[in-house]
Structures are given as structure tokens and as C-alpha cells.
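Participant: So that we are looking at the same thing, I have put the structure below in C-alpha cells.
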Amino acid sequence: MFIEQLAFAQQFVPNYDESKVPQFVVPDPLMTFKQKKVKNVKDWEKKRRPELLEFFTQNMFGEIPGELKISSYDVVEESGDVFSGKAKRKQVELTFEKNGKTIDFTILLYLPENVKKAPVFIGYNFYGNHTVADDANIIISGAWADNNESFGIVYNQLTEQSRGVRSNRWAIEKMIDAGMGLATIYYGEVDPDRNDFTDGIHPLLYVDDQKQPANNEWGSIAAWSWGLSRAMDYLEKDEDVDASKVIVFGHSRLGKTSIWAGVTDQRFAAVISNNSGCGGAALSKRKFGETVWRINNSFPHWFCKNFHNYSNNEELLPADQHELLALIAPRPLYVASAEEDQWADPRGEFLSAFYATPVYQLYGKKGIPSNIMPPVNSPIQHTVAYHIRTGAHDVTDYDWEQYIKWAKKELNIE
Ligand code: GCU
């Protein structure tokens, strides 16, 4: 009895020991669920990609129950003299209306002055647009925010105190100097990050007296990805942006989001996953660090309810995260880990990029050539790229230097 109880309890203790990673068969991205071999791009695009996309939609992220276009947009602020004249700034508010409800979110854009149509990185921020740069003109969002005393957020409201506090995570000047721009949005404006489906974008698409998404309908990550696609709708209209070179970026939960956005919206020219971990780049079946049970338990609103069927049940998953990454092919994909970020399972993130590679090879693209992890701070940069840097769960200048260099090469940016 005691041993059984111990075994039961142990499944909830995070494992950080490589020798305790269970043995499992990595599902073959080039074999259909009905065991038919995928031989070429046509088989992939016509059969395998759609069935995998359907699996991840119905069982992990949830489907979006309807269409919702931008009702109106407004350039609420614009200035031509930022970063010593090297850049311009725009703040664009997008509004959505349906079911008698309205929400809006604001895209903050920094664009290089000397480029006619600039390629841009797009990604959400965790604590408001005003945290990404020490720039007095950035509008502070009124949306709900998780309290964080050190950032001056005590009544779930963002404040002046946190202006610029996350500038270390956004190497904006490096982007500008490389002839690229940044578009960023506070993710809480699209859907507040809490287990409550009465706020954010979800209610605009409820039918009748629906109170929460159905089991196969969108959780918060799918909602945030939806927001990135609507931002893309706007970027396609912005004369200063090269909409064919928009790279979707995200860190951590927002890295899970950038992956799903890149999978579901092929207008994103490239995808960057920074320390995305469980439910992002990391292989679920390894159960290393954060597990499916743990993430569903701590953040029950991130994925759709059907994903809870796999809590402590990873063996049952007919597909793993490398197949999610493969859905980005043939577009460039960068997976990055941090050495101290064991919770996100760096090795699982690396292997996922490696096991996604056969799909890139179908397109004649180069991925991760071997299953041996590179040493720290030694990036592998092909169409599929990977690095593990020294340090903690974070976004650093080192990360951005790699992303910029790689994006310029992969997307032919001059
Ligand atoms: C938690 C969570 C992770 C997530 C991270 C973040 O640590 O367990 O899955 O990536 O938060 O978003 O910061």
C-alpha cells in the first residue's frame, strides 16, 4: 500500500534527472495516424499536416468558434524622432465589436527611419507596452494585470512605476540598427491571464448564453494567437511595414503562443520560441521539469479543456511537440533555451527541433543535423535554428543578437 501511495505521489514531483526520463517512441511526423508513409510535400500538405493541425486544434489549444475582424483601427499616436532620430514610433488601437461587446488592444510599433518597408518582429509583452522601453510617450494600458509589487502593480492596474522595466528584454535599438522594427502588444488586453472566461476576447464569440468555451474551444493561448493574427491584419495595411517579413516572437507562455500563432497563420514568415517549455517546444512525453498535469493544474485556462485528458497521461498523446513545430515548415523556426531553465526542459526543446527536421527536409530545407545538443552559447542556425545560452529563464541581448542575425539570413533582409 505504502509503495503504491509513494508511486502515486511521485508522479506529481517534477523530474530533473535525465536517467529517469521514460522510454518512449517519438511519433514519426512522416507517418499518418493510419500508418501511411508521407513521401513528399504533397502528402505532407494534403494529408499529414491537416490531420496534425486538427489534432492540436481539437485536443490542445482549442478552435476559434467563428470569425471576428477588426471593426476599426486608429493611429492614436505617432512620432518621427525616436532613438536619436533613427526610428519612428506608432501606437495603433484595434477595436473589435460583436454580441454587443467591444474590446480593443494597442500595437506599439518602432520602425527604422531609413527603411521604406521594414521587416518586423512581433511579440507580446507581459506587463504592458510601457515596460518595453524607457519612453515617456508609451500609453499605459488600462487592462487587468497580475499584481506585481516590484513593478508597482497592486490593484491589478499597470502604473507609471514600471515604465521601461522590461527594456532589457527588448533589444529595440539593435533591431532598428539592423533595419528591422518591433511590434508589441500587452497580452492582457486580448485576454487577461486568469482562469476567467467572462473577460477578454472570448465572450465576443459566445453563442446564446454560453459562459465559457466548450471542451474543444479556445483557451487563452489560442486567444492570444488570435490577437497576433489580427495585429498581422493591421500590419498588412501599414505602408511602413513589409508584411511578407513579419517574424512572430514570444517568451515562455508567450513563446507557446508564438508557436501556435505561426502554426495557425502562415502569413508569419518565421517563428521564434524563446524558453517556451511545456506546451511549447519541449517534448511532453519526456515529462522533464513541467509536465502536462502540472501546467493544466496551474494554468487551467491556457489550453482547451480536452487537453486535460492528457494530464498524467502523456503516453496517450498520438503526437508530440516536435510535430507542432513541424507545422511551421518550411518557414524558418528558431528554438532557444537557457541553461538554468530546467523547468522548460532545454533538452526536450532541442530534441523537438531535431525531430521536426525531417519535415523541413521534405522541402529541401536544412534543420538540426544531429541529436547531440550543441554546447552553451554555440548556436546552430539553419532554417531550423537552436541555441542554449548560459543563464536563466529570460530574454537577453544575446538571444536578440542571434535572432536578428538569423532572421536577416533566412529572410534575405539587407
Ligand atoms: C510558468 C509556467 C510555464 C511558463 C512560465 C511563463 O513557469 O509553468 O509553463 O512558460 O510560467 O510564462 O513565465
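Participant: Scan region 61-74 and give yes if some residue there is within 29 Å of Asp177 (Cα to Cα), in a strand (DSSP E or B) and at pLDDT 95 or above, otherwise no.
Facilitator: Yes, region 61-74 contains at least one residue that is within 29 Å of Asp177 (Cα to Cα), in a strand (DSSP E or B) and at pLDDT 95 or above.
Participant: Another one. Determine which member of the set Val241, Val207, Val246 is aliphatic (A, V, I, L, M) and open to solvent by 30 Å² or more (accessible area, probe 1.4 Å).
Facilitator: Matching residue, one of Val241, Val207, Val246: Val207.
Participant: Follow-up. Filter region 42-65 down to the residues that are of a type in the set (A, V, I, L, M) and open to solvent by 40 Å² or more (accessible area, probe 1.4 Å), then identify the one that is nearest to Cys304 (Cα to Cα).
Facilitator: Ile64
Participant: I would also like to ask the following. So Ser220 ticks every box in (1) of a type outside the set (A, V, I, L, M); (2) on the phi > 0 side of the Ramachandran plot; (3) open to solvent by less than 10 Å² (accessible area, probe 1.4 Å) but one. Which box is left unticked?
Facilitator: (2)
Participant: Across region 39-56, what is the total count of residues that are in contact (Cβ under 8 Å) with a residue 40 or more places away in the chain, part of a helix (DSSP H, G or I) and of a type outside the set (Lys, Arg)?
Facilitator: Residues that pass the stated criteria total 6.
Participant: Please tell me if Glu315 is touching a strand residue (DSSP E or B) at 6+ places or on another chain (Cβ under 6 Å) and charged (D, E, K, R).
Facilitator: No.
Participant: Now a separate question. Can you pull out the residues in region 21-38 that are in contact with a strand residue (DSSP E or B) (Cβ under 8 Å, 6 or more places away or on another chain) and either assigned to a loop (DSSP other than H, G, I, E, B) or open to solvent by less than 70 Å² (accessible area, probe 1.4 Å) (or both)?
Facilitator: If the condition is that a residue be in contact with a strand residue (DSSP E or B) (Cβ under 8 Å, 6 or more places away or on another chain) and either assigned to a loop (DSSP other than H, G, I, E, B) or open to solvent by less than 70 Å² (accessible area, probe 1.4 Å) (or both), then Leu30, Met31, Val38 are the ones that fit.
Participant: Follow-up. All but one of (1) out of contact with any Ser or Thr (no Cβ under 9 Å at 6 or more places or on another chain); (2) without any contact (Cβ under 8 Å) to a residue 12 or more places away in the chain; (3) farther than 28 Å from Trp302 by Cα; (4) not in a loop (DSSP other than H, G, I, E, B) hold for Glu78; which doesn't?
Facilitator: So Glu78 meets the others, but not (2).
Participant: Name the strands (runs of 3 or more DSSP E) wholly within region 86-131 that hold at least 1 residues that are of a type in the set (S, T, N, Q) and either touching a Lys or Arg at 6+ places or on another chain (Cβ under 9 Å) or within 16 Å of the ligand (Cβ to nearest atom) (or both)?
Facilitator: 118-125
Participant: Right, here's the next one. Kindly evaluate Trp144 against the criterion of being under 23 Å from Trp302 (Cα atoms), of a type outside the set (Val, Ile, Thr) and open to solvent by 10 Å² or more (accessible area, probe 1.4 Å).
Facilitator: So Trp144 passes the test.
Participant: Next question, about the same structure. Could you list, in sequence order, all residues of region 311-339 that are touching an Asp or Glu at 6+ places or on another chain (Cβ under 9 Å) and surrounded by fewer than 16 Cβ atoms within 10 Å (Cβ to Cβ)?
Facilitator: Listed by number, the list is empty, since nothing qualifies.
Participant: I would also like to ask the following. Name every residue in region 133-149 that is free of Cβ contacts under 8 Å to residues at least 40 places away in the same chain and part of a loop (DSSP other than H, G, I, E, B), in order of residue number.
Facilitator: Across region 133-149, the qualifying residues are Ala133, Asp134, Ala136, Ile140, Gly142, Asn147.
Participant: Sticking with this structure for a sec: What pairs come up if the first residue lies in region 273-289 and is on the phi > 0 side of the Ramachandran plot, the second is of a type in the set (Lys, Arg) and near the ligand (Cβ under 10 Å from one of its atoms), and their beta carbons are under 6 Å apart, counting only those six or more places apart or on different chains?
Facilitator: Within 6 Å, the pairs are Gly279/Lys256.
Participant: For region 9-20, state whether one or more residues are assigned to a helix (DSSP H, G or I), open to solvent by 100 Å² or more (accessible area, probe 1.4 Å) and not hydroxyl-bearing (Ser, Thr, Tyr).
Facilitator: Checked against the condition, which is being assigned to a helix (DSSP H, G or I), open to solvent by 100 Å² or more (accessible area, probe 1.4 Å) and not hydroxyl-bearing (Ser, Thr, Tyr), region 9-20 yields at least one hit.
The values are calculated or read from the model by the stated rules, or taken from the named source; none is laboratory data. This one's a predicted model, so the numbers in the text were calculated from it and none came from an experiment. In this analysis, Cβ positions are derived from the backbone assuming ideal geometry, glycine residues included, and neighbour counts consider all displayed protein chains. Protein only, heavy atoms only, side chains kept; ligands, DNA and RNA dropped before computing areas. Shrake-Rupley method; radii C 1.70, N 1.55, O 1.52, S 1.80 Å.
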